[in-house]
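J.: So that we are looking at the same thing, I have put the structure below in structure tokens.
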Amino acid sequence: MSQDAVLTGSGDVAIQEGLGGVVGDWSADKQTFIVPWGKAMMWIFLLSDTFIFSCFLIGYMKVRISATDPWPIPSEVFALSFGGDPIPLILIAIMTFILITSSGTMAMAVNFGYRQDRKTTAVLMLITALLGASFVGMQAFEWTKLIVDEGVRPWSNPMGAAQFGSTFFMITGFHGLHVSCGVIYLLVVAKRVWTGFYDRKGTYETVEVAGLYWHFVDLVWVFIFAFFYLW
Amino acid sequence: MAYVAIADRPDELHHPHSFITKYVWSQDHKVIAIQYSIIAILVGLIALGLSFVMRLQLAFPDTFSFIDPSIYYQSVTMHGMIMVIYLLTALFLGGFGNYLIPLQLGARDMVFPYMNMLSVWVYLLSVIVLLASFFVPGGPTGAGWTLYPPQAILPGTPGTDWGILMMLLSLAIFIVAFTMGGLNYVTTVLQARTRGMTLMRMPLSVWGIFTATILGLLAFPALFVSAVMMSFDKLLGTSFFIPAVLSMGDVLETEGGSPVLFQHLFWFFGHPEVYIVALPAFGIVSDLLSVHARKNIFGYRMMVWAIVAIGGLSFIVWAHHMYVSGMNPYFGFFFATTTLIIAVPTAIKVYNWVLTLWKGDIHLTVPMLFAIGFIFTFINGGLTGLFLGNVVVDLPLSDTYFVVAHFHLVMGVSPVLVVCGAIYHWYPNITGRMLNDGMGKVHFWMTFIGTYCIYFPMYYLGILGLPRRYYSNGVTDFIPDSVSAVNIAITVSALIVGLAQLLFVLNLITSLRFGKKAEQNPWRATTLEWRTPEYPPGHGNWGPELPGVYRWAYDYSVPGAEKDFICQDEPPTEGQGA
């Protein structure tokens, strides 16, 4: 019996079919996931972060159900008028469109990264970061409008249940913080791409890891959009 | 199936150059483990001191003028929080996790050493914020370690000005520190095992720590979210958790909040937290029993699946802490059922420990004494959990000393016994010297018998209906005079157990200098941490080449073998399977 066969544990063992094969694969002595360490760690972090956002959203649902005052109608609160009749949720629609577009440019950046195309990758990441920054800017506009024009505060608001403002500022604030961190993260990685750091390292895997985070933040927004604005 | 080489990158190790980079800003997992352990043990000693404040007041009411109700409640709160989170979680995962995972798996370090280093320093920051709350106006929070609102943030409870905010801030910082460390532990276990170290060949210590870390990564978010919400309630005047309420004669402006929401969030964290503390203890004790009984662990696979099953179930039992909270009564049925189901894998583990001892060549070394002591204590604490898990039995026992006795035995004393046993076991590996045996035995017997003297009478007090957390019992019909005699006996026992821990600390310090020099592998164990080329293990753990693993961790007393143990990295010879 050759040493390698004993060591890998797979040389003399027939690969099982079906579920047994999955278990055998996972518990083998190789890396459980055939990905770089950083990518595996990002996946695990995102799983943990998913629980944070789930707790926020479930907490919000519970608070909304148990609030004693009527809940304001989101499509009326989040309406914007361009001279004519107010258009419901128009700003949110634009923000959502921008964020999803930024996921597209991020995916392209990852693609060009794997082709070792230094310049295009950096430019696409920069565009992604700019789209993210404009999202945060619109969020700031939205917050200002709510606070200054409509008198919504975390502790009260003129439209109904106080918890409307509390959950809104908390959840969109926490998400906005994620986007802002993501923008900084993307800029740092983009700079390293631009200066050729990853060319010297020989791999652009960090671009993909940053991309994972960005897509996650994007996905979370879809849930916030659905549960907060559309409900 | 292509074989994927396990990354071995000695070039990415950060070699220390000076005292500072070697012992202070170190990226070596072993130094980080020791830093974690020292901070945790020091803060744990503070929590031990706080428990004496409580015990002195309960045994001798109206004697110590410095213990007023505020001090008493602050001691209760800080004792609980420190012991559960800042001592046990940090020591098991930050301390033992950091030390054992790379060494037992044959890795050179954690996968991201720099983040690992950040983890311990952020942990220290959280401890500093926590301890700073003793010195702010109003003192630390006295809300009880569960921090239930509304009382945690409304006037009347001690520490509602600053203390509660410091506590929430400290918890948030701790969660950041834990996340940085925890991501490392999980990724290292999954990705950086050496050749031949399959998941089903890992020592159970690593299995326990690994599963507990996953629980932590998924449970701490709930605590984080509740901390954010509660600090908003306190700082901004939101009402997530505060309903319309009359506080000190004033109607507050808040309305519509849900205190039960906090309890759900808290216990969604709080129950897995019990297993974050217990699972590493289960794993480590399995290894101690096997090594010192010179026998393979009974039912290794079942032990692994039991750890995983307990970890999974621990996420769907949380509301058994809330039977009296006013939640929907039908919930009680569901959560009582899941709670009792979790007893099945736990019982499997206990049976397997006992069967490991059965007909083993038991060496009553100090680690073994602690391991066997753990089995007794865990059974005693665990069986009373069956009483509390049933709604109808829980209702009269809820918030009595019965509960205090139950959780202290099951998740206080039991894990601490394992911690002590594990330190006696691995101290030679860390320092190259043995701990003093005589002092160790005195420490064990004083701790083991002493804790029974503390907690067994509490079951009796609880069945009498004596409520927990009361500053003073006063004169009540259902509390007989004998209660105060029992309380005095408990306090005396507690003081003696406290002394025994000082003896342990003394042993730890003096043995560093005067301990007997340990030979490599003094316990004749099979696991990799005893097989390093340098002893104690040096930076990078292994020489030029990583060890290869050929067998599971429990080849003790193999028939036909020349020694009574075969190390994991010994290749199979003729006539004997791998």
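The values are calculated or read from the model by the stated rules, or taken from the named source; none is laboratory data. The model shown is predicted, which means the values in this text are computed figures rather than measured ones. A quick note on method: Cβ atoms are made from the backbone with ideal geometry, for glycine too, and the neighbour counts reach across all protein chains shown. Surface areas here come from the heavy atoms of the whole protein model, side chains and all, with no ligands, DNA or RNA. Shrake-Rupley method; radii C 1.70, N 1.55, O 1.52, S 1.80 Å.
J.: Please give the length that would be gained between A:ILE65 and A:PHE33 if that part of the chain were fully extended, namely 0.36 nm times their separation in residues minus their C-alpha to C-alpha distance (nm, one decimal).
T.: Working: separation 32, 0.36 × 32 = 11.52 nm, distance 4.13 nm.
Roughly 7.4 nm would be gained on extension.
J.: Taking the solvent-accessible surface of protein heavy atoms with a 1.4 Å probe, what is the per residue accessible area of chain B in Å²? Numbers along the way, then the final one.
T.: Details: 21720 Å² over 578 residues.
Accessible area per residue, chain B: 38 Å².
J.: To continue, here is another question. Using DSSP H assignments, which helices in chain B have an axial alpha-carbon span of 15 Å or above and a mean Kyte-Doolittle hydropathy of -0.5 or higher? Before the final figure, lay out each step's value.
T.: Numbers: long enough: B:29-59 (44 Å, 1.68); B:69-81 (18 Å, -0.08); B:113-132 (29 Å, 1.78); B:163-191 (41 Å, 1.77); B:204-235 (45 Å, 1.63); B:259-292 (49 Å, 1.09); B:300-313 (20 Å, 1.51); B:329-357 (43 Å, 1.24); B:366-389 (34 Å, 1.75); B:414-431 (25 Å, 0.80); B:437-464 (41 Å, 0.74); B:482-514 (48 Å, 1.77).
Correct list, ordered by number: B:29-59, B:69-81, B:113-132, B:163-191, B:204-235, B:259-292, B:300-313, B:329-357, B:366-389, B:414-431, B:437-464, B:482-514.
J.: Expressed as cubic angstrom per residue, what is the convex hull volume of the alpha carbon set of region A:37-229?
T.: On the way: hull volume 21.1 nm³, N = 193.
Residue-normalised Cα hull volume stands at 109 Å³.
J.: How well do other chains shield peptide B:190-197, expressed as the mean number of their Cβ atoms within 10 Å of each residue Cβ?
T.: On the way: counts 8, 11, 3, 5, 2, 8, 7, 4.
Averaged over the peptide's residues, the number is 6.
J.: Can you give me the C-alpha center-to-center distance between region B:343-369 and region A:216-231, rounded to a whole angstrom?
T.: Comparing the Cα centres of region B:343-369 and region A:216-231, I get a distance of 50 Å.
J.: Related question: Between B:GLU519 and B:TYR114, what is the label-to-label distance in nm when each label sits 7 Å out along the Cα-to-Cβ direction?
T.: Placing both labels 7 Å beyond Cα along the Cβ direction yields 4.4 nm.
J.: Now a separate question. What does the structure give for B:546-554 when I average, per residue, the other chain Cβ atoms found within 10 Å of the residue Cβ? Show your work: numbers first, answer last.
T.: Values: counts 0, 0, 6, 4, 4, 1, 0, 0, 0.
Mean number of neighbouring Cβ atoms from other chains: 2.
J.: Can you give the Rg and Dmax of region B:85-217 based on its C-alpha atoms, in angstrom?
T.: 17.9, 60
J.: Cα to Cα, under 16 Å, and not fewer than 8 places away if on the same chain: which lysines meet these conditions relative to A:LYS191?
T.: A:LYS119, A:LYS201
J.: Which aspartates and glutamates does B:LYS516 reach when only Cα atoms under 16 Å apart count, and residues fewer than 8 places away in its own chain are ignored?
T.: B:ASP437
J.: Could you tell me what percent of the accessible area of the protein assembly as shown is made up of carbon and sulfur, with a 1.4 Å probe and every protein chain present? Don't jump to the answer; show the numbers that get you there.
T.: Numbers: 22600 of 32570 Å².
Percent of accessible area from carbon and sulfur atoms in the protein assembly as shown: 69.
J.: Now a separate question. To the nearest 10 degrees, how steep is helix A:118-144 against the longest Cα principal axis of chain A, on a 0 to 90 scale?
T.: The angle comes out near 30 degrees.
J.: Rounded to the nearest 0.05, what FRET efficiency do A:LEU80 and A:HIS215 give with R0 = 25 Å and r taken as the Cβ-Cβ distance? Could you check?
T.: Details: r = 28 Å, r/R0 = 1.11.
Step by step, r from the Cβ atoms, then E = 0.35.
J.: Separate question: What is the average number of partner chain Cβ atoms found within 10 Å of a Cβ in B:226-232? All intermediate terms of the calculation are to be shown ahead of the outcome.
T.: Numbers: counts 2, 0, 7, 8, 0, 0, 6.
Mean number of neighbouring Cβ atoms from other chains: 3.
J.: Among A:TYR114, A:TYR204, A:TYR213, whose mean-square fluctuation peaks in a Gaussian network model of chain A (Cα, cutoff 10 Å)?
T.: So, out of A:TYR114, A:TYR204, A:TYR213, the one fluctuating most is A:TYR114.
J.: Once each part is reduced to its C-alpha centroid, what is the distance from region B:439-494 to region B:153-170 in angstrom?
T.: Answer, in whole Å: 29.
J.: Let me check against my output: what whole-number percent is the relative contact order of region A:37-229, with C-alpha pairs under 8 Å and at least 6 apart? Don't skip to the end; give the middle numbers.
T.: Details: 203 pairs, mean separation 56.4, N = 193.
The value is 29 percent.
J.: Which aspartates and glutamates have a Cα lying under 14 Å from the Cα of B:LYS295, excluding residues fewer than 8 positions away in the same chain?
T.: B:ASP287, B:ASP361, B:ASP555, B:ASP564
J.: For region B:286-443, treating each Cα as an identical point scatterer without solvent, what Debye log10 I(q)/I(0) comes out at q = 0.13, 0.14, 0.18, 0.20 1/Å?
T.: Debye curve over Cα of region B:286-443, log10 I(q)/I(0) at q = 0.13, 0.14, 0.18, 0.20 Å⁻¹: -0.70, -0.79, -1.09, -1.24.
J.: For chain B, what's the relative contact order in percent, using C-alpha pairs closer than 8 Å and at least 6 residues apart?
T.: On the way: 941 pairs, mean separation 89.8, N = 578.
This gives 16 percent for chain B.
J.: With a 10 Å cut-off between alpha carbons and a GNM built on chain A, which of A:ARG200, A:ARG115, A:ARG192 moves the most?
T.: A:ARG200
J.: Expressed as a rounded percentage, what relative contact order does region A:149-191 have, with Cα pairs under 8 Å and six or more residues apart?
T.: Values: 24 pairs, mean separation 9.4, N = 43.
Reported relative contact order: 22 percent.
J.: Another one. Restricted to Cα positions, what overall size does region B:180-325 have along the principal axes? Three whole-Å values, descending.
T.: 67, 31, 22
J.: Quickly rank B:287-300, B:98-111, B:326-339, B:425-438 as a protection proxy: mean count of other C-beta atoms within 10 Å, highest first. Don't skip to the answer; put the middle values down first.
T.: Working: B:287-300: 23.4, B:98-111: 26.9, B:326-339: 15.1, B:425-438: 19.3.
Averaged packing, sorted descending, gives the order B:98-111, B:287-300, B:425-438, B:326-339.
J.: Test of understanding: extend the Cα→C-beta vector of B:PHE333 to 7 Å, then name every residue of region B:370-394 with backbone N under 16 Å from that spot.
T.: Label zone hits: B:390-392.
J.: Bins of 5 Å, beginning at zero and ending with the bin holding the largest distance: percent of Cα pairs per bin for region A:10-84, please.
T.: 3, 11, 10, 11, 9, 10, 9, 8, 7, 7, 7, 4, 3, 1, 0, 0
J.: Please give the contour-minus-distance gain from A:THR203 to A:ILE90: 0.36 nm per residue of separation, less the Cα-Cα distance, rounded to one decimal in nm. Don't jump to the answer; show the numbers that get you there.
T.: On the way: separation 113, 0.36 × 113 = 40.68 nm, distance 4.12 nm.
Extending this stretch completely gives an extra 36.6 nm.
J.: So, one more: Once the Cα gyration tensor of chain B is found, what semi-axes does its equivalent ellipsoid get, as square roots of 5 times the eigenvalues, in whole Å, sorted largest first? Show your work: numbers first, answer last.
T.: Values: eigenvalues 330, 138, 111 Å².
Semi-axes from the Cα gyration tensor: 41, 26, 24 Å.
J.: Another question, if that's okay. I'd like the FRET efficiency for B:LEU236 and A:VAL222, computed as 1/(1 + (r/R0)^6) with the beta carbon distance as r and R0 of 35 Å, rounded to 0.05. Present the calculation step by step, with values, prior to reporting the outcome.
T.: Working: r = 27 Å, r/R0 = 0.78.
It comes out at approximately 0.80.
J.: Still on this structure, I have one more. Roll a 1.4 Å probe over the protein heavy atoms and report the accessible area of B:ILE449 in Å², nearest 10.
T.: Surface accessible to solvent at B:ILE449 totals approximately 90 Å².
J.: A further question follows. Computed FRET efficiency, Cβ-Cβ of A:PHE97 and A:ASP149, R0 22 Å: what is it to the nearest 0.05? Walk me through the numbers before you get to the answer.
T.: On the way: r = 24 Å, r/R0 = 1.07.
In this case the efficiency is close to 0.40.
J.: Roughly what % of Cα-Cα distances in the protein assembly as shown sit above 48 Å, to the whole percent?
T.: Details: 77685 of 326836 pairs.
Of all Cα-Cα distances in the protein assembly as shown, 24 percent exceed 48 Å.
J.: Once the piece of chain linking B:PHE387 and B:TYR535 is laid out straight, how much longer is it, given 0.36 nm per residue of separation minus the C-alpha distance between them?
T.: Details: separation 148, 0.36 × 148 = 53.28 nm, distance 4.84 nm.
Extra length available between B:PHE387 and B:TYR535 comes to 48.4 nm.
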